[in-house]
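The values are calculated or read from the model by the stated rules, or taken from the named source; none is laboratory data. Note that the structure is a prediction, hence the values are computed from the model and not measured. All Cβ positions, glycine included, derive from the backbone under ideal geometry; neighbour counts span all protein chains shown. For accessibility, only protein heavy atoms count, side chains too; no ligands or nucleic acids. Shrake-Rupley method; radii C 1.70, N 1.55, O 1.52, S 1.80 Å.
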Amino acid sequence: MDFDMLGLAPRLVTSLKEAGLTEPTPIQKRAIPAAMEGRDVMGLAQTGSGKTAAFGLPMIDSLLKNQTKAPNGSAVALVLAPTRELARQIVDALSVYTKDTGLRTGLVVGGAGITGQIRKMERGVHLLVATPGRLIDLIDRRAVSLSSTRFLVLDEADQMLDLGFIHALRRIASLLPEERQTMLFSATMPKQMAEIAAAFLTKPERVEVDPPGQAVDRIRQSVHFVAQSEKPALLSEMLSKHTDERALVFGRTKWGMEKLSKSLEKQGFSVASIHGAKSQGQRDRAIREFRAGTIKVLVATDVAARGLDIPDVKHVYNYELPNVADTYVHRIGRTARAGADGAAIALCAPDEMGDLRGIEKLMKQSVPVGSGRPWEVEAPAPKRGGKGRGKPGGARPGNRSRRPRRSKTAA
Ligand code: AMP
């Protein structure tokens, strides 16, 4: 099946061909026809599935076929994304699809000058991509009105909830006309999402690819049981085996990741980091260089890296396990894109056993052991810092401080 068989405007099909896109991905095959009929769409899909085009193409198609004008101080279509990086990536993709069509795109995100954004919005755009915080800022300054916005897309909606954007989303949605088309995309389906979906969508077409929590089969996963203090050395050892290939390293805190990045740099790795303590300019540069391949190792925290689409990342390291199991699935989804294969390597310290078990439970599969032996700690604690529930006859809490040795052989 080709894109023209979906009935998209011929000039749009031409732009797609020029961009090297000929055959729709599974999510596009299902979401595009439903959206072209004007239906609301609820898409369960991760970055890498082609979801940007899945929601972008039907909107562009409608704008072209109806020769819709961009309303002053407003946008015909609004795409909300959780992070600046993702918003930028979406607007870049939409700009490729709208090339030579006369359709205008706009980007409204924090960390960039507000005056330029206000000026751009005066004339109005067809497609506006925004992060919720900055958009509200512009709305409050009366620089943007949403009263003539007919399309609303919530991308990476689960992440927007995680980041506490729920009130912002409700407020923004309330400013749009009731008569509109809404599409919501999310990689996972936490409970709260069902409420959001019910509040924002009307009889949506549910489109699902790669059910959430199911790691892509092509990813070779492994876990190494290693004390926290031994992680830097083990990571260096593993990174030095593939210095020509891109690797993403995930950790929990910005300062921990900054320290790790500095230490890797001292050891001669070509490395950069993205996290909350870096300026927008620094983050953009790091991502650009990583994408271009001039740096090979990108050290990141989750928020900064969420939704990033970087081709050909061969190795994803969970230097520290996330305490939300879904996040693991997001992280490892950065590798094995577009049919390629990749490796996801987790380093698990004793106090991360509960996190590991939570991840395995979510994925309904165990992560193969790369080295060491599972730590003996009490029953899985659902939250870091939460009280462990010791089992009779099981290891006692005191065992946590015991420093188990890594066994040489893989279990
Ligand atoms: P997304 O999931 O929207 O972030 O897209 C992931 C990547 O897939 C992007 O680099 C797109 O350019 C690419 N892509 C999207 N649709 C297609 C398609 N139909 N064929 C090939 N690549 C695609």
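Output the residues belonging to segment 161-174 that are open to solvent by less than 70 Å² (accessible area, probe 1.4 Å) and either in contact with a Pro (Cβ under 8 Å, 6 or more places away or on another chain) or in contact (Cβ under 8 Å) with a residue 24 or more places away in the chain (or both).
Leu161, Leu163, Phe165, Ile166, Ala168, Leu169, Ile172, Ala173
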Test: residue in segment 138-151 that is crowded, with 17+ Cβ neighbours inside 10 Å, of a type in the set (Val, Ile, Thr) and not assigned by TED's automatic domain parsing to the domain that holds Pro71: no
Single match in Gly116, Gly110, Gly102, Gly106 (criterion: assigned by TED's automatic domain parsing to the domain that holds Phe151 and on the phi > 0 side of the Ramachandran plot): Gly102
Leading residue by the ranking (nearest to Gly48 (Cα to Cα)) among those in segment 277-304 that are under 14 Å from the mean Cα position of the chain (by Cα) and free of Cβ contacts under 8 Å to residues at least 60 places away in the same chain: Asp302
Candidate set: segment 183-219, residues that are at pLDDT 90 or above and assigned to a strand (DSSP E or B); chosen: the one nearest to Glu320 (Cα to Cα): Ser186
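Output yes when any residue across segment 228-236 is assigned to a loop (DSSP other than H, G, I, E, B) and touching a residue at least 40 places away in the same chain (Cβ under 8 Å), and no when none is. Lay out the reasoning, then the answer.
Initially, segment 228-236 is screened for residues assigned to a loop (DSSP other than H, G, I, E, B), giving none.
No, that holds for no residue.
When the residues of segment 45-68 are filtered to those that are in contact with a His (Cβ under 9 Å, 6 or more places away or on another chain) and modelled with pLDDT of 95 or more, which remaining residue is surrounded by the most Cβ atoms within 10 Å (Cβ to Cβ)? Show your work before the answer.
Initially, segment 45-68 is screened for residues in contact with a His (Cβ under 9 Å, 6 or more places away or on another chain), giving 46-47, 59-60, 63, 68.
Of the ones still in play, those that are also modelled with pLDDT of 95 or more are 59-60, 63.
On the way: Met59: 27, Ile60: 25, Leu63: 25.
Per the criteria, the residue is Met59.
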Counted residues, segment 234-270 - those being in contact with a helix residue (DSSP H, G or I) (Cβ under 7 Å, 6 or more places away or on another chain) and of a type in the set (Phe, Trp, Tyr): 2
Some residue of segment 261-271 being out of contact with any Leu (no Cβ under 7 Å at 6 or more places or on another chain), basic (Lys, Arg) and modelled with pLDDT of 90 or more: yes
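Test Ala187 against the stated conditions and say whether it is within 30 Å of Arg39 (Cβ to Cβ), open to solvent by 50 Å² or more (accessible area, probe 1.4 Å) and small (Gly, Ala, Ser). Let's see the steps before the verdict.
Numbers: within 30 Å of Arg39 (Cβ to Cβ): yes; open to solvent by 50 Å² or more (accessible area, probe 1.4 Å): no; small (Gly, Ala, Ser): yes.
Spelling it out, it is not the case that Ala187 is within 30 Å of Arg39 (Cβ to Cβ), open to solvent by 50 Å² or more (accessible area, probe 1.4 Å) and small (Gly, Ala, Ser).
Quick check, is Ser74 open to solvent by 10 Å² or more (accessible area, probe 1.4 Å) and either within 25 Å of Arg285 (Cα to Cα) or among the hydroxyl-bearing types (Ser, Thr, Tyr) (or both)? Explain how you work it out, then say what you get.
Details: open to solvent by 10 Å² or more (accessible area, probe 1.4 Å): no; either within 25 Å of Arg285 (Cα to Cα) or among the hydroxyl-bearing types (Ser, Thr, Tyr) (or both): yes.
Considered against the rule, which asks whether it is open to solvent by 10 Å² or more (accessible area, probe 1.4 Å) and either within 25 Å of Arg285 (Cα to Cα) or among the hydroxyl-bearing types (Ser, Thr, Tyr) (or both), Ser74 comes out as no.
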